[in-house]
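Asks: My structure is below; once you've seen it, I'll send some questions.
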Amino acid sequence: MAFDVSPIGIVGSDRAEVVDDNWGSVEAVIDLDASVLDADATLGLAEFSHLEVIYGFHLCDPAAKTTGSRHPRGDTTLPRVGVLAQRVKDRPNHLGVSRCEIVDVDGLRIRVRGLDAIDGSPVFDIKPFLQSMVPTREDVREPTWVASVMANYF
């Protein structure tokens, strides 16, 4: 099966190194590629408060992939859990998904806050966040270890 995925833009940020915490106030710019998208591709996006960004962990070693289990953040006081039960960067496809706040939309340039992607990260897709797409009609369940990992993330 052939599946072609190419970047549609790139993240510009003051954060150039992988850091796990304190993303809440970080502002970044997503510069979309005019050779890939038409000038009106963001028309109407500014009416939304948040968007979801699919991006690549471009600084990860391609050979460094977790395909089994590990301790979250290497913390041996936490239980080993599978790669698909956590949001580790060394995933099989080195892809990240992040919900962030839209600060401004100016043509093919989107300024955001809280995007946990570093400078130079390739952006593969952007979707507006729709509350109606979140299946929170039931209670959300998480293991107890998640609270310690996420305590200072945002």
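Asks: Can you find a residue in segment 48-61 that is small (Gly, Ala, Ser) and either within 25 Å of Arg141 (Cβ to Cβ) or free of Cβ contacts under 8 Å to residues at least 60 places away in the same chain (or both)?
Replies: Quick first cut of segment 48-61, residues small (Gly, Ala, Ser) only: 49, 56.
When the remaining residues are screened for being either within 25 Å of Arg141 (Cβ to Cβ) or free of Cβ contacts under 8 Å to residues at least 60 places away in the same chain (or both), the result is none.
No, segment 48-61 contains no residue that is small (Gly, Ala, Ser) and either within 25 Å of Arg141 (Cβ to Cβ) or free of Cβ contacts under 8 Å to residues at least 60 places away in the same chain (or both).
Asks: Please go through segment 103-125 and pick out each residue that is buried (at least 17 other Cβ atoms within 10 Å of the Cβ) and either touching a Phe, Trp or Tyr at 6+ places or on another chain (Cβ under 6 Å) or assigned to a loop (DSSP other than H, G, I, E, B) (or both).
Replies: Result: Leu108, Gly114, Leu115, Asp116, Ala117, Ile118, Ser121, Val123.
Asks: Could I ask something else about it? Taking the conditions exactly as written (over 23 Å from Ser148 (Cα atoms), in contact (Cβ under 8 Å) with a residue 12 or more places away in the chain and among the basic types (Lys, Arg)), does Lys89 satisfy them or not?
Replies: It is false that Lys89 is over 23 Å from Ser148 (Cα atoms), in contact (Cβ under 8 Å) with a residue 12 or more places away in the chain and among the basic types (Lys, Arg).
Asks: Looking only at segment 110-125, decide whether some residue is touching a helix residue (DSSP H, G or I) at 6+ places or on another chain (Cβ under 8 Å), under 16 Å from Gly12 (Cβ atoms) and of a type outside the set (S, T, N, Q). Walk me through it before giving the result.
Replies: Residues of segment 110-125 touching a helix residue (DSSP H, G or I) at 6+ places or on another chain (Cβ under 8 Å): 110.
Adding the requirement that they be under 16 Å from Gly12 (Cβ atoms) leaves 110.
Next cut, of a type outside the set (S, T, N, Q) only: 110.
For segment 110-125, residues touching a helix residue (DSSP H, G or I) at 6+ places or on another chain (Cβ under 8 Å), under 16 Å from Gly12 (Cβ atoms) and of a type outside the set (S, T, N, Q): present.
Asks: Right, something else. Suppose we keep only residues that are at pLDDT 95 or above and among the aliphatic types (A, V, I, L, M) within segment 116-154. Which one would you say is farthest from Ala41 (Cα to Cα)?
Replies: Across segment 116-154, the extreme among qualifying residues is Val123.
Asks: Additional query: Please go through segment 26-53 and give me each residue that is within 10 Å of Val105 (Cβ to Cβ), among the aliphatic types (A, V, I, L, M) and part of a loop (DSSP other than H, G, I, E, B), ordered by number.
Replies: The one that is within 10 Å of Val105 (Cβ to Cβ), among the aliphatic types (A, V, I, L, M) and part of a loop (DSSP other than H, G, I, E, B): Leu43.
Asks: Please determine, by comparing only the residues of segment 34-67 that are small (Gly, Ala, Ser) and either closer than 30 Å to Ser132 by Cβ or touching a strand residue (DSSP E or B) at 6+ places or on another chain (Cβ under 7 Å) (or both), which one is least open to solvent (accessible area, probe 1.4 Å). If you could, list the steps in order and put the result at the bottom.
Replies: Looking only at segment 34-67, we keep the residues that are small (Gly, Ala, Ser), and these are 34-35, 39, 41, 44, 46, 49, 56, 63-64.
Then drop every residue that is not either closer than 30 Å to Ser132 by Cβ or touching a strand residue (DSSP E or B) at 6+ places or on another chain (Cβ under 7 Å) (or both), which leaves 39, 41, 44, 46, 49, 56.
Details: Ala39: 84, Ala41: 57, Gly44: 30, Ala46: 70, Ser49: 72, Gly56: 5 Å².
Top of the filtered list is Gly56.
Asks: Thr76 fails exactly one of the following numbered conditions: (1) surrounded by 13 or more Cβ atoms within 10 Å (Cβ to Cβ); (2) part of a loop (DSSP other than H, G, I, E, B). What is the number of that condition?
Replies: It fails just one condition, (1).
Asks: Any chance you could count how many residues in segment 1-18 are farther than 16 Å from Asp125 by Cβ and touching a residue at least 40 places away in the same chain (Cβ under 8 Å)? Break it down into steps so the answer makes sense when it comes.
Replies: The initial filter retains those residues of segment 1-18 that are farther than 16 Å from Asp125 by Cβ, namely 1-2, 12-18.
Of the ones still in play, those that are also touching a residue at least 40 places away in the same chain (Cβ under 8 Å) are 12-18.
The number of residues fulfilling the criteria is 7.
Asks: Among the residues that make up segment 86-98, is at least one of them in contact with a Leu (Cβ under 9 Å, 6 or more places away or on another chain), surrounded by fewer than 16 Cβ atoms within 10 Å (Cβ to Cβ) and not in a loop (DSSP other than H, G, I, E, B)?
Replies: Scanning segment 86-98 turns up no residue that is in contact with a Leu (Cβ under 9 Å, 6 or more places away or on another chain), surrounded by fewer than 16 Cβ atoms within 10 Å (Cβ to Cβ) and not in a loop (DSSP other than H, G, I, E, B).
The values are calculated or read from the model by the stated rules, or taken from the named source; none is laboratory data. On a predicted model such as this, the values are computed, not experimentally measured, just so you know. Note that we place each Cβ from the backbone using ideal geometry, even for glycine, and neighbour counts take in every protein chain shown. These area figures cover heavy atoms from the full protein model, side chains too; ligands, DNA and RNA do not enter into them. Shrake-Rupley method; radii C 1.70, N 1.55, O 1.52, S 1.80 Å.
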